[in-house]
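K.L.:
Take this structure first; my questions come after.
Computed from the coordinates by the stated procedures, all read-outs in this text should not be read as laboratory data. Small disclaimer: the values here were computed from a predicted structure and weren't measured. Methodologically, a virtual Cβ is constructed for each residue, glycine included, from the backbone with ideal geometry; neighbour enumeration extends over all protein chains shown.
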Amino acid sequence: MEEFSNLKYYNEYGGFSEDGKEYIIRTNKNNKLQTVWSNILANKNFGTVVTENMGGYTWHKNARLNRITAWNNSASSNIPSEIIYLKDEEKDISWSIAQDPMPDENEYKIVYGFGYAKYIHESLNLMQEAEVFVPEEDCCKIYILRLKNLEPVKKNLKIYYYIKPVIGEDEIKTYGYIESKLESENNLVRIRNLYNRENLSQNVFVTSSEKIKNFTGEKREFVGFGGISNPDELKKEKLKESDGLGKEAAIVIAINVSLNSFESKEISLCLGVTEENYIELAKKYSNVQNCKLELENVKRFWRDKLERLQVETPLESLNIMLNGWVMYQALVSRLYARSGFYQSGGAFGFRDQLQDSLATKFINPDILKQQILYHSSHQFQEGDVEHWWHEETARGIRTRFSDDLLWLVFCTIEYINFTNDYSILDIQTPYLIGRELKENEEDKYDKWEQTQNSENIFNHCIKAIKRSFNFGEHGFPKIGTGDWNDGFSEVGSKGKGESVWLGFFMYYILDNFIPICEEWSKICSNKLENEAEIMLIIHELNDVKNKLKRTLNSAGWDGRWYKRAFCDDGQVLGTIENEECKIDSISQSWSVISNAGDNDKKYICMESLENNLIDMENGIIKLLTPPFEKSKLEPGYIKAYLPGVRENGGQYTHEYCSCGHFWSNSLEIKTK
């Protein structure tokens, strides 16, 4: 217990190491976590979510469309799809290295770090440590299993590595089509989905540094009546080999390990996939030394990236989060994996990944630049954009969300102001083409083609801005089927609703993009036609900006704070007259961020925000209050959330990265 009580911010379950670079968890049979605590390990093409009991799942390319192992979205049961069992042959006792699904009475220690996780356990005088990671580039999940015999007698052990394969989007769809085959000469089991020959993951394999003695590809044969918590075949001499075709698949390999008295041994287990030579990749990671070298490469990779940014505040807990964990989350979860335990997405969101990339400018502005260029090619030639899409299928959804397209401009502003690199405006990227939404059509999911011709990023930005110049009767931009709050799906679905917050956001963009246009006109001064055209654009943007400011401070003002939105039926969100949603935080905060609010109104509205939305007792800043529940207001699916949960009056922290550019105003930032 002393080892754990010395952790920083220890909460009876876990806490941070002295340097804040690891999070260490303590569990046992009687002290389980109340919900899943997960860590994400990924590179740009492959990843895995691991949990405190080795649960989670693994994918290749796309965390939704191309899962290698099964995803179980249950925070309470946390059913693992990948398990390492151990068996002491002399004592005929079996258990799992992780707490589930086959625990004993002893303590389990879990360590989460940047790019790795460790599971540490002792039972039957055997020390066990399984360190898992994903290589910097190769598409593999690797365990380095370290065993130490603590007795003066020889131990004969059997190790079983179990995975529940999917090799596609859904295990129901691939049920009966998973074929496994032991290739003894290569010491691997090859796994294929015979249902979809075009699947990119046809060469899935499992291998080990130890000789695979036998295997099975059939789940029912392995677990029998005992289930994964007590599989029948752990009691038998060997696995009953089966290729699993036509049955529910589960790949299990068995290896034998002997440890002399007080001997230690390292063993690798590898789950991998490649589109080409799987034998070569399997051979590489069936060598323990290669695995250890790659693990050090991964740790160095993340150390080099994350230590480029160091933030110093008076609050140690904030320093721990900002000096590694927040940036790691932005990169590995949001940009690489686009997934987590609770949401197995895999798709790119136009708004989501752009705003997530904003924080990365402090460690490598090129990440933000590449995200801008990539997303610009998912803008339609009319100026609107795909709300989200899957790169592997070229399919995505065209919607009436009103803020998505402006994030392209917002991020371009941030990139140029941070780097002074105006050359990005001259880079050419294509558009998407396809049928526009019909009058009463809210969205359309389809495969969209790209144009043959391209335009530069400057024109992409101008198209986005002009497409957003769609104002309602009160003078605010129309909200469509949602703005930054996706839950406001019915506020403007009939084409009349308006967003006050979007007015502030648009003002910020105009106020900051106009100087960029002016500088760009100087750069283009040798192209007379371009210069004249840009000057006309500047005049138009200035005109809209000035009108917006007047409207925001008149029709948008509610007396003590700014309103949030006007609904199709004329009802107002964010007014003191409401029973629910009297005040919304983002209209107040963005009146200050955008500098569009009148000076006196900015102070008054922020005082109102502090008085109404900061809950000191529970330590949260609410998005709005009171939450939607019983009133006649019908803003959309936000009302389906329980009051105080997520967008419906909770603290919605998803968008932290979008404010990354404001850190430097209040924190001391050091970059290497």
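K.L.:
Report, in deg cm²/dmol and to the nearest 500, the calculated mean residue ellipticity at 222 nm for the chain, where each DSSP H run with n ≥ 4 adds -39500 (n - 2.57) and the sum is divided by the residue count.
P.N.:
Helix-only estimate at 222 nm: -7500 deg cm²/dmol.
K.L.:
Under a plain spin-label model, where a point goes 7 Å from the Cα along Cα-to-Cβ, how far apart in nm are residue 137 and residue 18?
P.N.:
For the pair residue 137/residue 18, the computed spacing is 3.7 nm.
K.L.:
Here's another thing I want to ask about it. Ranked by Cβ crowding within 10 angstrom, fewest neighbours first, how are 377, 554 ordered?
P.N.:
Neighbour counts put them in this order, fewest first: 554, 377.
K.L.:
Under the Karplus relation 6.51 cos²θ - 1.76 cosθ + 1.60, θ = phi - 60°, what is the ordered set of whole-Hz ³J(HN,Hα) values for segment 579-594, x standing for Gly and Pro?
P.N.:
Karplus values, whole Hz, x for Gly and Pro: 6, 10, 6, 6, 9, 10, 5, 6, 5, 6, 5, 7, 5, 7, 4, 6.
K.L.:
Next question. As an exercise, use a Förster radius of 51 Å and the Cβ-Cβ distance of residue 577 and residue 172 to find the FRET efficiency, rounded to the nearest 0.05.
P.N.:
Calculated value: 0.55.
K.L.:
Now for a separate question. Would you mind ranking 502, 33, 552 by Cβ crowding within 10 Å, fewest neighbours first?
P.N.:
The order, fewest Cβ neighbours first, is 33, 502, 552.
K.L.:
Same structure, new question: Name the residues of segment 283-323 whose amide N is less than 16 Å from a point 7 angstrom out from the Cα of residue 9 along the C-beta direction?
P.N.:
Answer for segment 283-323: 311-323.
K.L.:
Related question: List every residue whose amide H lies under 5 Å from the amide H of residue 46, counting only residues 5 or more places away in sequence or on a different chain, with H placed 1.01 Å from N in the peptide plane.
P.N.:
Placed amide hydrogens put 61 under 5 Å from residue 46.
K.L.:
Another question, if that's okay. What pairs from 118/164; 292/361; 545/602; 154/213; 463/547 go past 23 Å between their alpha carbons?
P.N.:
Going by Cα-Cα distance, 292/361 fall outside the 23 Å limit.
K.L.:
If each residue of separation counts as 0.36 nm, what is the full-extension length gain between residue 391 and residue 44 once their alpha-carbon separation is subtracted?
P.N.:
Difference between extended and current length: 123.6 nm.
K.L.:
How do 598-609, 281-292, 476-487 rank on mean C-beta neighbours within 10 Å, highest first?
P.N.:
Per-residue mean Cβ counts within 10 Å order the peptides as 476-487, 281-292, 598-609.
K.L.:
What dipole magnitude, in Debye to the nearest 20, does segment 2-304 give about its Cα centre under +1 on Lys/Arg Cβ and -1 on Asp/Glu Cβ?
P.N.:
The dipole of segment 2-304 has a size of about 360 debye.
K.L.:
So how compact is the chain: Cα radius of gyration and Dmax in angstrom?
P.N.:
Just the Cα atoms of the chain yield Rg and Dmax of 27.7, 88 Å.
K.L.:
Pop the C-beta distance of residue 569 and residue 514 into the FRET formula with R0 = 45 Å and round what comes out to the nearest 0.05.
P.N.:
Step by step, r from the Cβ atoms, then E = 0.80.
K.L.:
Tabulate in residue order the Karplus-calculated ³J(HN,Hα) for segment 105-115, using 6.51 cos²θ - 1.76 cosθ + 1.60 with θ = phi - 60°, rounded to whole Hz; enter x for Gly and Pro.
P.N.:
8, 8, 6, 10, 10, 10, 10, 9, x, 7, x
K.L.:
For the chain, with the dipole built from +1 on Lys and Arg beta-carbon atoms and -1 on Asp and Glu ones, taken about the Cα centre, which of 430, 244, 134 lies farthest toward the positive end?
P.N.:
Among 430, 244, 134, the one farthest towards the positive end of the dipole of the chain is 244.
K.L.:
At 0.36 nm per residue, and after removing the present C-alpha to C-alpha distance, how many nm does the segment from residue 299 to residue 535 gain when stretched out fully?
P.N.:
Extra length available between residue 299 and residue 535 comes to 79.9 nm.
K.L.:
Separate question: Work out how much length residue 106 to residue 343 would gain on full extension: take 0.36 nm times their residue separation and subtract the Cα-Cα distance, in nm to one decimal.
P.N.:
82.1 nm
K.L.:
List the residues whose amide H sits under 5 Å from the amide H of residue 583, counting only those 5 or more places along or on another chain, with H placed 1.01 Å from N in the peptide plane.
P.N.:
625
K.L.:
Rank-order 55-62, 415-422, 463-470 by packing density, defined as the average count of other C-beta atoms within 10 Å over each peptide's residues, highest first.
P.N.:
Going from most to least packed, we get 55-62, 463-470, 415-422.
K.L.:
Spelling out what I want: for every residue of segment 80-93, take phi, set θ = phi - 60°, compute 6.51 cos²θ - 1.76 cosθ + 1.60 (Karplus), and round to whole Hz; glycine and proline get x.
P.N.:
x, 9, 9, 9, 10, 9, 10, 9, 8, 5, 5, 8, 6, 10
K.L.:
Using a Förster distance of 30 angstrom, determine the FRET efficiency expected from the C-beta separation of residue 313 and residue 422, and round it to 0.05.
P.N.:
0.35
K.L.:
Excluding same-chain residues fewer than 8 positions from residue 601, which lysines have a Cα within less than 16 Å of its Cα?
P.N.:
Result set, ordered by chain and number: 549, 563.
K.L.:
If you don't mind, another one. Would you list, by chain and number, the aspartates and glutamates whose Cα falls below 15 Å from the Cα of residue 283, excluding same-chain residues fewer than 8 positions away?
P.N.:
Counting by Cα, and skipping residues close in sequence, residue 283 has these aspartates and glutamates nearby: 138, 183, 185, 210, 294.
K.L.:
Further question on the same structure: In the chain, if the dipole is taken from +1 on Lys/Arg beta carbons and -1 on Asp/Glu beta carbons about the Cα centre, which of 489, 73, 364 is farthest to the positive end?
P.N.:
Farthest towards the positive end: 73.
K.L.:
Convex hull over the alpha-carbon atoms of segment 2-304: what's its volume per residue in Å³?
P.N.:
Measuring per residue, one finds 129 Å³ for the Cα hull of segment 2-304.
K.L.:
Also, quick follow-up: Equivalent-ellipsoid semi-axes (√(5λ), Cα gyration tensor) for segment 421-534, whole Å, largest first?
P.N.:
One finds semi-axes of 30, 20, 11 Å for segment 421-534.
K.L.:
A further question follows. What distance in nm separates the simple spin-label points at residue 494 and residue 256, each placed 7 Å from Cα in the Cβ direction?
P.N.:
Calculated label separation equals 7.7 nm.
K.L.:
State to the nearest 20 debye the size of the charge dipole of the chain about its Cα centre, where the only charges are +1 on K and R beta carbons and -1 on D and E beta carbons.
P.N.:
Dipole size: approximately 920 debye.
K.L.:
Can you compute the modelled spin-label distance between residue 31 and residue 439, with each label point 7 Å from Cα toward Cβ, in nm?
P.N.:
Distance between the two pseudo-spin positions: 6.7 nm.
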